[in-house]
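Notes follow once the structure below has been shown.
FYI, it's all coordinate maths here, none of it is from the lab. On a predicted model such as this, the values are computed, not experimentally measured, just so you know. Heads up, the Cβs are rebuilt from the backbone with ideal geometry, glycines too, and the neighbour counts pull from every protein chain shown.
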Amino acid sequence: MDIIRKNQALLKPNLLDYEKAYKQFSWEDAKNELSYFEDKTFNAAYNAIDRHTQTWRKNKIALYFESEKGERLSFTFYDLSILSNKAANVFRDLGLSRGKRAFIFLPRVPELFYAFLGIQKVGAIAGTLFSAFGPQALKDRLGDSNAEIVITNRALLPRVEKAKASLPNLKHIVVIDSPDFSKRMNKAKEVTHVAHMNWDEPAFMLYTSGTTGKPKGVVHRHGAILMEQLTAKWVLDLHDSDTYWCTADPGWVTGIAYEILGSWANGATTVVYEGRFDPAKWYEILQNYKITVWYTAPTAIRLLMAAGSDLVKKYNLSCLRHLCSVGEPLNPECVLWGQKVLGLPFHDNYWQTETGGIVIANYPSMDIKPGSMGKPVPGISAAILDDKGKKVSFGKEGNLAIKPGWPSQMKTIWRRPEKYKSYFQNGWYITGDRAWEDRWGYFWFVGRADDVIKTSGERVGPFEVESALMTHPAVVEAGVIGKPDPLRGEIIKAFVVLEKDVKPSEKLKKELAEYVKKQLAGHAYPREIDFIDKLPKTRSGKIMRRLLKAKELGLPEGDTSTLEEF
Ligand code: PRX
């Protein structure tokens, strides 16, 4: 197999000798990387932004923003410090305090970033909501977290209004493009008391999907920023001379960890583009902002590959020096395409909402084996276990597990301690992913151990989509699976049982897809729908999605002893 030799660029990688760093690493020593208040407490937002204002970075650009319409703005670390102080004061005036939840429901606009930091400065828990969410998705998340404040804009406000009636704890809806918010921000003081937080106190939370039930609130502590800072330094290799673009949305964990906390904790100049994916526009951003470090996702890379090499040749992308990818399996072809067309391979890395930061990665100072996720980051012990929790030998597939105790390991699942506990077995955190390790310590991804769907890198729970479909009057029940797709990794496919008097039609399929898009989320709708008479179920009444998938893919059906009938 091809091995891509390590980067020989002039800029020395931050992590020069992986093996040595891995051996010598201690979390206690690493804590010195953060800045603390005199009483030894600290705050993640202070570490991301404010501490730089005490150094030469004060007037360094922290954020270049380009709106969908082409408006351009830039913010220094000092600007973000002041804006987030003001936001903290505005939120305090509205009654926000330590431990309470404030959620941000915005597209990628500057207000999202300083509101997030402002909430953390208050000592409250900052939550994010992907801007494609519909009223049902909002209800589930805001209801479960008992959020008191939602920060949104006029365009998204109607969806919050629709959800509001079932959210008795929601006290304030802050609309960032309203005269009221401008007035409050103008009047707010530029200084604030940044809450002194202990290591373990919650800093942010976001909802993610599993196989069963509604999405769960993964809560992270202030201490998570240490992991995010270190991995942004080692894996993304951020230097002061870099201009960095992370294409993720802060509605998901990558945007929080590597577009706000970890990247800014390293003092990185970060580019944020509000608009959607578009190959020409993306190349334009890479060219015009002279991006040097680019962190993106396999689906985007595959879509760029599909857009053809004539397009990419029109742009000068010579500033790029380091490329990273996350969120779904990165095919070797993508790594090699980067090498061929951009002159640089993509470095795959692996992590989850629950791990709060990158745990396995390919580093610039290490040879890449295309198709492998790389090696555990210093401070992380990863292993492949069998179903009983025993380590398996090299080359054998099993459950990917991590030794608990790293700083960005989730603190808890909001109000669901049992769910939290269910992640652990025999002293290991079980990721829910299947993988294998080669004898050189590289980890290789195989697939999910459960029914979680990854579509265009976004994690979707089948249960949520099934529930949304079932609220449509034509639907009796639905079973939802991820169907492999060459571009998007997986697409959502639904098997729908219709009411007796409803006639199946192509028009109805479209209507159901649109319905889910509107109710649940713009990204979490079934791109394919089949009407069937009956869903395969276990004797206890659970939908056997595994069987639906096997039938769809023409695979053997495996153990069907618990099957009711099909
Ligand atoms: O299945 C794995 C897949 O994405 C899941 C985590 O998704 P989420 O919580 O949305 O976190 C996204 C932030 C990284 C994992 O359980 N996944 C993530 N990275 C990779 C991956 N699958 C294969 N290769 C990866 N590099």
* To do: Please get the size of the charge dipole for segment 163-228, origin at its Cα centre, with Cβ charges of +1 on Lys and Arg and -1 on Asp and Glu, quoted in debye to the nearest 20.
  => 320
* Which whole-angstrom value gives the distance between the alpha carbon centres of segment 397-461 and segment 225-296? -> 24
* To do: Out of all DSSP beta bridges with both ends in the chain, state the antiparallel percent to the nearest 5.
  => 60
* Proximal aspartates and glutamates to Lys517, defined as alpha-carbon separation beneath 15 angstrom and excluding residues fewer than eight positions away on the same chain -> Glu458, Glu464, Glu466, Glu528
* Structure fact -> Filtered hits (aspartates and glutamates, Cα-Cα < 12 Å from Lys281, offset >= 8 within chain) -> Glu66, Glu68
* **Loop GluC sites (Glu not before Pro), segment 109-204, which have at most 12 other Cβ atoms in a 10 Å radius of their Cβ (DSSP)** => Glu190
* Reachable lysines, given that their alpha-carbon falls under 22 Å from the alpha-carbon of Lys187 and they are not under 8 places away in the same chain -> Lys86, Lys121, Lys171
* Rounded, prolate or oblate: which fits segment 451-553 when a ≥ b ≥ c are the square roots of the eigenvalues of the alpha-carbon gyration tensor, with rounded for a/c under 1.5 and prolate only if a/b beats b/c? -> oblate
* To do: Quick one: dipole size for the chain, taken about the Cα centre, charges +1 on Lys/Arg Cβ and -1 on Asp/Glu Cβ, in debye to the nearest 20.
  => 640
* **Extreme residue, positive dipole direction of the chain, given options Ile149, Gln229, Trp337 (C-beta unit charges)** => Ile149
* Structure fact -> Rounded to the nearest 5, the percent of antiparallel DSSP beta bridges in segment 192-276 equals 65
* Structure fact -> Low-density loop trypsin sites (Lys or Arg not before Pro), segment 55-89, at most 14 other Cβ within 10 Å, DSSP non-H/G/I/E/B, are Lys69
* Structure fact -> The alpha-carbon center of segment 487-566 and that of segment 161-176 are separated, in whole Å, by 33
* Asked: Going down the list Lys162/Lys421; Lys454/Lys509; Lys100/Lys216; Lys214/Lys549; Lys509/Lys551; Lys216/Lys518, which pairs span over 25 Å between their C-alpha atoms?
  -> Lys162/Lys421
* Structure fact -> Taking the dipole of segment 438-538 about the Cα centre (Lys, Arg +1; Asp, Glu -1; charges at Cβ), the one of Ile492, Ile532, Phe445 that reaches farthest to the positive side is Phe445
